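This report refers to the structure that appears directly beneath it.
The values are calculated or read from the model by the stated rules, or taken from the named source; none is laboratory data. Please read these numbers as outputs of a predicted model, since none were measured by experiment. Cβ placement follows ideal geometry from the backbone for every residue including glycine, while neighbour counts extend to all protein chains displayed. Accessible surface areas use protein heavy atoms only, side chains included; no ligands, DNA or RNA. Shrake-Rupley method; radii C 1.70, N 1.55, O 1.52, S 1.80 Å.
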Amino acid sequence: MTDVSLGMPQLPAPDYPADVRARLEADAKEVIARYPGSRSALLPLLHLVQSEEGYVSRTGMRFCAEMLDLTTAEVTAVATFYSMYRRKPSGEYQVGVCTNTLCAVMGGDAIFEELKEHLGVGNNETTEDGKVTLEHIECNAACDFAPVVMVNWEFFDNQTPESAKRLVDDLRAGEEVRPTRGAPLCGYKETSRILAGFPDERPGAVEATGGAGPASLIGLRLARGEAVPARVVHPRGEAPRGRTAAPQDRPQPGSEHLSSHDAHPSPDHRPSTSPSGTPDQIKTSASDPENPAGPVAEEGE
(Lines give C-alpha, C1' and ligand atoms only; values in the text may rest on other atoms or scores of the structure.)
Protein backbone atom coordinates (compact mmCIF):
# COMPACT_ATOMS: atom_id res chain seq x y z
CA MET A 1 0.00 0.00 0.00
CA THR A 2 1.34 3.42 -0.99
CA ASP A 3 2.13 5.73 1.90
CA VAL A 4 0.33 9.03 1.35
CA SER A 5 1.46 12.02 3.40
CA LEU A 6 -1.15 14.77 3.59
CA GLY A 7 1.16 17.24 5.31
CA MET A 8 0.20 20.16 7.48
CA PRO A 9 -2.42 22.66 6.33
CA GLN A 10 -1.13 26.08 5.35
CA LEU A 11 -1.09 28.52 8.22
CA PRO A 12 -2.97 31.82 7.93
CA ALA A 13 -1.01 34.61 6.28
CA PRO A 14 0.83 36.90 8.67
CA ASP A 15 -0.32 40.49 9.01
CA TYR A 16 1.67 43.56 8.01
CA PRO A 17 3.74 45.30 10.69
CA ALA A 18 1.61 47.79 12.63
CA ASP A 19 3.05 50.91 10.97
CA VAL A 20 2.67 49.47 7.46
CA ARG A 21 -0.84 48.31 8.26
CA ALA A 22 -1.86 51.77 9.48
CA ARG A 23 -0.47 53.45 6.35
CA LEU A 24 -2.12 50.99 3.98
CA GLU A 25 -5.44 51.23 5.80
CA ALA A 26 -5.50 55.01 5.32
CA ASP A 27 -4.80 54.59 1.59
CA ALA A 28 -7.30 51.75 1.26
CA LYS A 29 -10.09 53.77 2.88
CA GLU A 30 -9.43 56.56 0.41
CA VAL A 31 -9.75 54.11 -2.49
CA ILE A 32 -12.86 52.39 -1.12
CA ALA A 33 -14.62 55.75 -0.69
CA ARG A 34 -14.59 56.20 -4.47
CA TYR A 35 -16.99 53.30 -5.04
CA PRO A 36 -20.69 52.86 -4.19
CA GLY A 37 -20.01 49.20 -3.35
CA SER A 38 -16.85 48.41 -1.42
CA ARG A 39 -16.00 45.18 -3.24
CA SER A 40 -15.65 47.21 -6.47
CA ALA A 41 -12.42 48.54 -4.97
CA LEU A 42 -10.71 45.14 -5.07
CA LEU A 43 -8.69 45.72 -8.25
CA PRO A 44 -7.11 49.01 -7.11
CA LEU A 45 -6.52 47.54 -3.63
CA LEU A 46 -4.57 44.69 -5.20
CA HIS A 47 -2.43 47.29 -6.96
CA LEU A 48 -2.02 49.06 -3.63
CA VAL A 49 -0.66 46.00 -1.82
CA GLN A 50 1.49 45.21 -4.85
CA SER A 51 3.05 48.66 -4.51
CA GLU A 52 4.12 47.71 -0.99
CA GLU A 53 5.96 44.46 -1.69
CA GLY A 54 6.33 44.41 -5.47
CA TYR A 55 3.89 41.52 -5.77
CA VAL A 56 0.57 40.36 -4.28
CA SER A 57 1.55 38.27 -1.29
CA ARG A 58 -0.71 36.18 0.92
CA THR A 59 -0.46 38.98 3.45
CA GLY A 60 -1.64 41.45 0.82
CA MET A 61 -4.61 39.26 -0.09
CA ARG A 62 -5.53 38.89 3.57
CA PHE A 63 -5.43 42.68 3.94
CA CYS A 64 -7.71 43.18 0.90
CA ALA A 65 -10.16 40.57 2.21
CA GLU A 66 -10.36 42.21 5.64
CA MET A 67 -10.78 45.73 4.23
CA LEU A 68 -13.58 44.67 1.86
CA ASP A 69 -15.28 42.02 4.00
CA LEU A 70 -14.48 39.30 1.49
CA THR A 71 -13.06 35.82 1.91
CA THR A 72 -9.45 35.21 1.01
CA ALA A 73 -10.72 32.73 -1.59
CA GLU A 74 -12.65 35.52 -3.33
CA VAL A 75 -9.58 37.76 -3.35
CA THR A 76 -7.34 34.95 -4.56
CA ALA A 77 -9.70 34.18 -7.44
CA VAL A 78 -9.31 37.73 -8.72
CA ALA A 79 -5.58 38.06 -8.03
CA THR A 80 -4.82 34.87 -9.95
CA PHE A 81 -7.08 35.76 -12.89
CA TYR A 82 -5.30 38.95 -13.97
CA SER A 83 -1.70 38.70 -15.16
CA MET A 84 -0.97 42.28 -14.02
CA TYR A 85 -0.81 40.99 -10.44
CA ARG A 86 2.44 39.21 -9.61
CA ARG A 87 2.30 36.20 -7.30
CA LYS A 88 5.98 36.11 -6.40
CA PRO A 89 8.78 38.65 -5.89
CA SER A 90 9.82 40.14 -9.22
CA GLY A 91 12.05 42.76 -10.77
CA GLU A 92 12.10 46.51 -10.57
CA TYR A 93 11.28 46.55 -14.27
CA GLN A 94 8.72 44.24 -15.84
CA VAL A 95 9.77 43.78 -19.47
CA GLY A 96 6.93 42.35 -21.52
CA VAL A 97 7.46 41.26 -25.12
CA CYS A 98 4.35 40.94 -27.25
CA THR A 99 4.30 37.53 -28.95
CA ASN A 100 0.77 37.71 -30.33
CA THR A 101 0.22 37.20 -34.05
CA LEU A 102 1.27 40.49 -35.63
CA CYS A 103 4.12 41.28 -33.27
CA ALA A 104 5.33 37.68 -33.53
CA VAL A 105 5.57 37.67 -37.33
CA MET A 106 7.16 41.13 -37.29
CA GLY A 107 9.92 39.91 -34.98
CA GLY A 108 8.44 39.62 -31.49
CA ASP A 109 9.26 35.93 -31.19
CA ALA A 110 12.87 36.61 -32.14
CA ILE A 111 13.08 39.45 -29.59
CA PHE A 112 11.73 37.25 -26.82
CA GLU A 113 14.08 34.37 -27.58
CA GLU A 114 17.14 36.61 -27.77
CA LEU A 115 16.24 38.41 -24.55
CA LYS A 116 15.91 35.09 -22.72
CA GLU A 117 19.40 34.12 -23.85
CA HIS A 118 20.83 37.59 -23.27
CA LEU A 119 19.44 37.88 -19.72
CA GLY A 120 19.83 34.23 -18.82
CA VAL A 121 16.21 33.89 -17.66
CA GLY A 122 13.04 32.21 -18.82
CA ASN A 123 9.47 33.46 -19.03
CA ASN A 124 8.36 35.15 -15.78
CA GLU A 125 11.86 34.87 -14.33
CA THR A 126 13.99 37.63 -12.83
CA THR A 127 17.64 38.46 -13.36
CA GLU A 128 19.99 37.81 -10.45
CA ASP A 129 20.40 41.53 -9.76
CA GLY A 130 16.62 41.87 -9.28
CA LYS A 131 16.34 44.51 -11.98
CA VAL A 132 14.43 42.83 -14.82
CA THR A 133 11.60 40.31 -14.95
CA LEU A 134 11.00 39.05 -18.48
CA GLU A 135 7.64 37.83 -19.73
CA HIS A 136 5.84 37.28 -22.99
CA ILE A 137 2.53 39.09 -23.36
CA GLU A 138 -0.32 38.01 -25.59
CA CYS A 139 -1.13 41.55 -26.77
CA ASN A 140 0.18 45.00 -25.91
CA ALA A 141 -2.69 46.66 -27.85
CA ALA A 142 -0.24 48.46 -30.13
CA CYS A 143 -0.30 46.36 -33.31
CA ASP A 144 0.31 49.41 -35.50
CA PHE A 145 3.75 49.78 -33.91
CA ALA A 146 4.73 46.09 -34.00
CA PRO A 147 6.87 44.58 -32.65
CA VAL A 148 6.27 46.20 -29.28
CA VAL A 149 7.97 45.82 -25.90
CA MET A 150 6.53 47.26 -22.69
CA VAL A 151 8.45 48.19 -19.55
CA ASN A 152 6.23 48.69 -16.50
CA TRP A 153 3.34 49.18 -18.97
CA GLU A 154 5.04 51.96 -20.95
CA PHE A 155 5.51 51.52 -24.71
CA PHE A 156 8.70 50.89 -26.66
CA ASP A 157 7.63 50.65 -30.29
CA ASN A 158 9.14 49.18 -33.47
CA GLN A 159 11.74 47.10 -31.66
CA THR A 160 14.39 44.69 -32.90
CA PRO A 161 16.42 42.14 -30.92
CA GLU A 162 19.34 44.58 -30.89
CA SER A 163 17.35 47.56 -29.62
CA ALA A 164 15.60 45.38 -27.01
CA LYS A 165 18.94 44.13 -25.69
CA ARG A 166 20.23 47.69 -25.44
CA LEU A 167 17.03 48.56 -23.57
CA VAL A 168 17.43 45.90 -20.87
CA ASP A 169 21.15 46.59 -20.56
CA ASP A 170 20.42 50.26 -19.88
CA LEU A 171 17.73 49.35 -17.34
CA ARG A 172 20.15 47.13 -15.45
CA ALA A 173 22.89 49.78 -15.60
CA GLY A 174 20.62 52.47 -14.17
CA GLU A 175 20.73 54.57 -17.34
CA GLU A 176 17.88 56.93 -18.23
CA VAL A 177 15.43 55.15 -20.51
CA ARG A 178 12.65 57.04 -22.28
CA PRO A 179 9.53 55.29 -23.63
CA THR A 180 8.28 55.93 -27.13
CA ARG A 181 4.94 57.13 -25.76
CA GLY A 182 3.65 57.67 -22.28
CA ALA A 183 5.04 58.93 -18.99
CA PRO A 184 8.69 58.56 -17.96
CA LEU A 185 9.61 55.22 -16.46
CA CYS A 186 9.45 54.56 -12.75
CA GLY A 187 9.92 51.40 -10.72
CA TYR A 188 7.29 48.67 -10.62
CA LYS A 189 6.18 49.51 -7.08
CA GLU A 190 5.66 53.14 -8.06
CA THR A 191 3.79 52.04 -11.18
CA SER A 192 1.49 49.85 -9.07
CA ARG A 193 0.66 52.76 -6.77
CA ILE A 194 -0.29 54.92 -9.77
CA LEU A 195 -2.49 52.09 -11.07
CA ALA A 196 -4.15 51.98 -7.65
CA GLY A 197 -5.45 55.46 -8.43
CA PHE A 198 -2.98 57.70 -6.67
CA PRO A 199 -1.53 60.69 -8.56
CA ASP A 200 1.83 60.57 -10.24
CA GLU A 201 3.56 63.37 -8.36
CA ARG A 202 6.80 63.40 -10.35
CA PRO A 203 7.37 66.85 -11.91
CA GLY A 204 6.21 66.88 -15.53
CA ALA A 205 5.13 63.23 -15.57
CA VAL A 206 1.45 63.89 -16.30
CA GLU A 207 2.21 66.44 -19.01
CA ALA A 208 4.61 64.01 -20.69
CA THR A 209 2.01 61.26 -20.94
CA GLY A 210 1.17 62.07 -24.57
CA GLY A 211 -1.41 60.18 -26.59
CA ALA A 212 -1.93 57.83 -29.49
CA GLY A 213 0.60 57.90 -32.31
CA PRO A 214 -0.24 58.85 -35.91
CA ALA A 215 -0.53 55.21 -36.97
CA SER A 216 -3.24 54.68 -34.36
CA LEU A 217 -5.31 57.62 -35.57
CA ILE A 218 -5.57 56.85 -39.30
CA GLY A 219 -8.94 55.11 -38.85
CA LEU A 220 -10.30 58.06 -36.90
CA ARG A 221 -9.15 60.48 -39.58
CA LEU A 222 -10.81 58.40 -42.26
CA ALA A 223 -14.03 58.24 -40.23
CA ARG A 224 -14.03 62.02 -40.04
CA GLY A 225 -13.69 62.26 -43.80
CA GLU A 226 -10.17 63.66 -43.73
CA ALA A 227 -7.91 63.02 -46.70
CA VAL A 228 -5.23 60.48 -45.85
CA PRO A 229 -2.38 59.99 -48.35
CA ALA A 230 -2.26 56.49 -49.81
CA ARG A 231 0.73 54.45 -48.69
CA VAL A 232 1.83 51.17 -50.20
CA VAL A 233 4.01 48.72 -48.28
CA HIS A 234 6.05 46.70 -50.76
CA PRO A 235 6.29 42.91 -50.40
CA ARG A 236 9.38 41.55 -48.69
CA GLY A 237 12.30 41.31 -51.06
CA GLU A 238 11.02 43.87 -53.55
CA ALA A 239 13.38 46.80 -53.90
CA PRO A 240 11.72 49.97 -52.61
CA ARG A 241 11.53 52.85 -55.01
CA GLY A 242 14.08 55.32 -53.69
CA ARG A 243 12.77 58.84 -53.93
CA THR A 244 13.52 61.72 -51.66
CA ALA A 245 10.60 63.24 -49.81
CA ALA A 246 9.88 66.88 -50.41
CA PRO A 247 10.46 69.00 -47.27
CA GLN A 248 6.75 69.69 -46.82
CA ASP A 249 5.97 65.96 -46.95
CA ARG A 250 8.51 64.89 -44.35
CA PRO A 251 7.29 64.07 -40.83
CA GLN A 252 7.48 66.99 -38.48
CA PRO A 253 9.49 66.75 -35.24
CA GLY A 254 7.58 64.78 -32.65
CA SER A 255 5.32 63.05 -35.16
CA GLU A 256 7.33 59.81 -35.36
CA HIS A 257 7.11 58.94 -31.65
CA LEU A 258 10.72 57.87 -31.37
CA SER A 259 12.14 56.64 -28.09
CA SER A 260 15.72 56.27 -26.98
CA HIS A 261 15.47 52.61 -27.97
CA ASP A 262 13.48 52.72 -31.23
CA ALA A 263 14.58 50.21 -33.77
CA HIS A 264 14.62 52.63 -36.71
CA PRO A 265 15.62 56.10 -35.52
CA SER A 266 17.42 57.19 -38.68
CA PRO A 267 16.01 59.56 -41.34
CA ASP A 268 16.07 56.66 -43.83
CA HIS A 269 12.84 55.35 -42.33
CA ARG A 270 10.55 58.04 -43.68
CA PRO A 271 7.97 57.98 -46.45
CA SER A 272 9.27 58.50 -49.97
CA THR A 273 7.03 60.43 -52.31
CA SER A 274 5.85 60.27 -55.88
CA PRO A 275 6.43 63.25 -58.20
CA SER A 276 3.03 64.57 -57.12
CA GLY A 277 4.19 64.67 -53.51
CA THR A 278 2.07 61.72 -52.31
CA PRO A 279 3.88 59.27 -50.00
CA ASP A 280 3.95 55.94 -51.79
CA GLN A 281 5.86 53.65 -49.45
CA ILE A 282 7.14 53.39 -45.90
CA LYS A 283 10.08 51.30 -44.84
CA THR A 284 8.98 48.82 -42.23
CA SER A 285 10.46 45.57 -41.00
CA ALA A 286 8.23 43.88 -43.58
CA SER A 287 9.39 45.99 -46.53
CA ASP A 288 12.94 47.04 -45.72
CA PRO A 289 15.54 44.37 -46.58
CA GLU A 290 18.01 46.10 -44.25
CA ASN A 291 15.73 45.53 -41.26
CA PRO A 292 14.00 42.15 -41.74
CA ALA A 293 11.57 40.83 -39.18
CA GLY A 294 12.69 37.79 -37.22
CA PRO A 295 15.84 35.71 -37.64
CA VAL A 296 17.57 36.02 -41.03
CA ALA A 297 19.51 32.77 -40.74
CA GLU A 298 18.18 29.29 -41.32
CA GLU A 299 17.23 27.30 -38.24
CA GLY A 300 20.31 25.83 -36.60
CA GLU A 301 22.79 28.24 -38.13
Inset, instruction - Tabulate in residue order the Karplus-calculated ³J(HN,Hα) for the stretch 21-26, using 6.51 cos²θ - 1.76 cosθ + 1.60 with θ = phi - 60°, rounded to whole Hz; enter x for Gly and Pro. - result: 4, 5, 5, 5, 4, 4
Legend entry - Segment Arg39-Asp169, length gained on full extension (0.36 nm per residue, minus Cα span): 42.7 nm
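Set the Förster distance to 22 Å, then compute FRET efficiency between Glu53 and Ala205 from the Cβ-Cβ distance, nearest 0.05.
Numbers: r = 23 Å, r/R0 = 1.06.
Efficiency at R0 = 22 Å is approximately 0.40.
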Legend entry - Accessible-area value, Glu114, 1.4 Å probe, nucleic acids and ligands omitted, Å²: 70 Å²
